[in-house]
Amino acid sequence: NYGAERFSLDNMKFVISGKIKSKEAKQEINKLLNLMQGDVPLPIKLNKVDFKQKKSEFLKFDKEQHQYQFVVPILHNKSEKEFYAYYITNNILGASGLNSRLSKYFRERKSLTYSIRTQIKSHALFSLIFFEFESKSKNSKKIVKLFKNFILNLDKNQISEDELSDTKKNITSSFSNYFIKNENIANYIIDSLIHDLPYDFINQRNQLIN
């Protein structure tokens, strides 16, 4: 029986990485076993485990990277129709994930980052667009220079009609799916109250985007 053999207790392995004493390791494993027992005790004896076997090895990972964040202020909030032009732009640039302009350029074409994203945050009197990405330290100057040029030349690469139409469609169609949970409904109402939006704004939002 594959299931019985695959998930047999004999196949259970504990791996502990780091500077820890055998006594401390046993204590931590016992805690874990107690959580796993439930109504039926597990037939495991720790004295079967060879805690005296030691292995020391240094593994070098290339984890040195920089994290970048650029912020652009907007003099509009959710109660103003001008805000939604920025909202759509934010989605096209980075909020739409791997299909966004920033991701296609910096991730696919330049291979300078694994993830690059944008998000827009609206406050009572203004809003902010955040640009965030990570890259290896050795690429620091290159990616910052390319990013600045990318943003400064946006007017030369204007949004096409198809791109605009598809983005609006994605934003408006996903809006109703957000309200399948009562928690999301309550959060949206609170957010509306913070921005002095009317209760029926939920019906106006997609009209403003379109």
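The values are calculated or read from the model by the stated rules, or taken from the named source; none is laboratory data. Keep in mind that this is a model prediction, so the values were computed, not measured. Please note: Cβ atoms are built from the backbone with ideal geometry, for glycine as well, and neighbour counts cover all protein chains shown. Accessible surface is based on the protein model in full, side chains and every heavy atom, while ligands, DNA and RNA are left aside. Shrake-Rupley method; radii C 1.70, N 1.55, O 1.52, S 1.80 Å.
Per 5 Å bin, what percent of the C-alpha pairs of the range 91-210 does each bin hold, from zero upward?
2, 9, 15, 19, 18, 14, 11, 8, 4, 1, 0
Round to the nearest 10 and report in Å² the accessible area of residue 31, as given by a 1.4 Å probe over the protein chains' heavy atoms.
120
Can you give me the % of accessible surface on the range 113-170 that is carbon or sulfur? Probe 1.4 Å, all protein chains present, nothing else counted. Provide the component values of the computation, followed by the final result.
Details: 2030 of 3830 Å².
In the range 113-170, the share of accessible area belonging to carbon and sulfur is 53 percent.
Going highest first, how would you order 68-74, 84-90 by mean Cβ packing within 10 Å?
84-90, 68-74
Quickly rank 171-180, 142-151, 116-125 as a protection proxy: mean count of other C-beta atoms within 10 Å, highest first.
116-125, 142-151, 171-180
What figure in square angstrom, to the nearest 10, would you give for the accessible area of residue 66 with a 1.4 Å probe?
80
Per residue, what accessible area does the range 141-196 have, given a 1.4 Å probe and all protein chains present, in Å²?
Ligands and nucleic acids excluded, the figure is 75 Å² per residue.
Checking the table 81/148; 78/104; 104/145 against a 24 Å threshold on Cα-Cα, which pairs fail? Before the final figure, lay out the partial values.
Numbers: 81/148 28 Å; 78/104 28 Å; 104/145 17 Å.
Over 24 Å Cα-Cα: 81/148; 78/104.
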